[in-house]
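Any read-out appearing in this document is the output of simple, stated calculations on the displayed coordinates, not a laboratory observation. Note that the structure is predicted; figures quoted are calculated from it, not measured. Every residue, glycine among them, receives a Cβ derived from its backbone with ideal geometry; neighbour counts consider all protein chains shown.
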Amino acid sequence: MSEQESLHITELLDSAGKGDSAAKEQILDLVYVELHRLASRYMSGERSDHTLQTTGLVHEVYLKLFGSETPVKLANSGHFFAVAAMQMRRILVDHARKGHAGKRKGVKLPLEEACHVHSSPDEDLVALDDALMELAEIDADAMKVIELRFFGGYTDKETAAILNTNVAKVRRDWEFARAWLYNRLEAQ
């Protein structure tokens, strides 16, 4: 996404935050392809008979962000994509929790499986989400880096731009988060 497009999205987000419904629609037109790419990445980790499809995930995220009378306040395009990635993960985890409530007891998830979500069942996604929520309490920046790099498929440079930080910090957070998740998931 070019800097000009990013600035335009930021302006539209500001207008949408003030209740401009035309701006909300324009945002969807501008970000739909990227949201669909993110959703495809998330859905590639789901079972083939999943009831939620890629387009449905994009629409659910959009509704969560802009569907209420008081839309989520988003500072810029980077913030928008970070929040969208988080919402996609939350939607899929909530779906998995509803579908498997009470079935998961002491599920172990080796990091190797966590790093290859495309082969993990819903129970593993829930276990990974639990670990990520713990990580967020310890180091929110590291959790955001995991969300964007691993789940969103963004590069170090793209992640740094979205989080408005430098590549070196993204790499440090990535290494810390991976080590922390390895220890946490192996301890289960």
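A few remarks follow.
- Computed label-point distance, nm, for sites Leu63 and Asp14 using a 7 Å Cα→Cβ extension: 3.1
- Approximating the spin labels as points 7 Å out from Cα along Cα→Cβ, the Ala22-to-Gln53 distance works out to 3.2 nm.
- FRET E, pair Ile138, His36, Förster distance 30 Å, beta-carbon r, rounded to 0.05: 0.40
- Segment 50-95 versus segment 119-188: alpha-carbon centroid distance in Å: 18
- Met1/Arg90 FRET efficiency (R0 30 Å; Cβ-Cβ; nearest 0.05): 0.80
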